[in-house]
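Just so you know, all these numbers are worked out from the coordinates, no wet-lab data involved. These numbers were taken from a predicted model, which means no experiment stands behind them. Cβ coordinates were reconstructed from backbone atoms using ideal geometry, including for glycine residues, and neighbour counts include every protein chain displayed.
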Amino acid sequence: MKKKMVAVLLLSSMVFAGCAKEEAPEVVEPTVEATDDSKEEAKPEEEKEEEALFDYDALGIKPVEYGDEFEMGENLKAGLTNLIYPDYEDGKWDNSKLADDDSWKDSFISSYLQNSWFSFDYMNQVGENSDGIMSKEQVEYAQYSLTGTYIEFDDGVDLSQASSGFGIGEIDSYTVDKYDKEDDTVEITVKYSKYEEIAASEPGDPDHAFDVKVVLKKDPYSCFDGYNVVSLEKTETTESLEADNKTHYVYGDILDYDLTNNWIYLEYPYGDDYTAGNAYFDHFLTIDCSDNPGLIDEAKALQESGVWQIKVGFTFDGSVKVPFETIKGTSVDEADR
């Protein structure tokens, strides 16, 4: 078989970090080896992996350029808002565990691609140009952009088959703990508010508040403003509510009665000035009227007169658990707020 001589340059490994400038590798004298015509010139592993993953030209992706200071773009903000929301074991999430997480693919599709409350620029562009269908490669690229971990999907996704959940989160602010234009790793701390559901009565009060340590990695081809999320660590900072042994009031819509136990069920409950806050209430609240069974008759009389939202008095002592699930009613009146 015909032989030819090829020069193989032995290069040190390179780190691809957007527009960050790397020092030139040490010059090494080329070596010569005999090879078949079918052999190709060796390439760095990073280049092989990048070429094997995605054709960025075909995907229409242009690399971003990094500034001297970190700024959170709207796409990254949206991705982080969604990623921080779920509850994680020990409050920690790490992209290195995704390959072994059997639920992640379905979660990514439902939470990021078929979520009517969530969008990002790349997904919107794909949807507009392809009748709402995101191809298999586009799905894999979007997931990789968010997490920096390659996950293979079975097929494309119909973006029009979207639904919405009951909860939402918000990034209130962030501080930059580590950023260098020449460094791949970025660390920030996020102030985050979590709402278990869209509250009708007290929309400004979160159910839970967190400080979140976020580690990012620069990826100039990521559609989340040039960053992958490497890890999250959540610390809850929700303020606690202390019993004061005083009379307080809760408000809510009459939902139903349990005449056997002398209970009134309220929906969409909220508190007075002291007990106000979505963090302290669930979607439903049980009013225990066993010590004052006449309160049920008073509530029914209000209903018959066309009143559905009532004000219930209770003593906030040490026996009352927060978040409020059940309280012992001491009075019932028409809601005045």
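Kirkwood's formula applied to the C-alpha pairs of region 120-162 gives a hydrodynamic radius of 10.5 angstrom.
The alpha-carbon atoms of region 74-236, seen along their principal axes, cover 46, 39, 29 angstrom, with the largest extent given first.
What order do you get for K77, K97 when you list them from fewest to most C-beta neighbours inside 10 Å? Could the numbers behind the result be given before it?
Details: K77 17, K97 12.
Taking fewest neighbouring Cβ atoms as first place, the list is K97, K77.
With contacts taken as Cα pairs under 8 Å at a separation of at least 6 residues, region 193-316 carries a relative contact order of 25 percent.
In this rough spin-label picture, where each label sits 7 Å from Cα along the Cβ direction, the K97-Q161 distance is 2.9 nm.
Averaged over every viewing direction, what's the projected area of the C-alpha convex hull for region 246-334? Give it in nm², one decimal, please.
Values: hull surface 20.6 nm².
Over all viewing directions, region 246-334 projects a mean Cα-hull area of 5.2 nm².
Among 82-89, 189-196, what's the highest-first ranking by average C-beta atoms within 10 angstrom per residue?
Numbers: 82-89: 14.9, 189-196: 19.8.
The packing order, highest mean first, is 189-196, 82-89.
Is region 290-337 best put as rounded, prolate or oblate by its Cα gyration tensor, with a ≥ b ≥ c the root eigenvalues, rounded for a/c under 1.5, and otherwise prolate when a/b is larger than b/c, oblate when not? Because a/c hits 1.5 or more and a/b exceeds b/c, region 290-337 counts as prolate.
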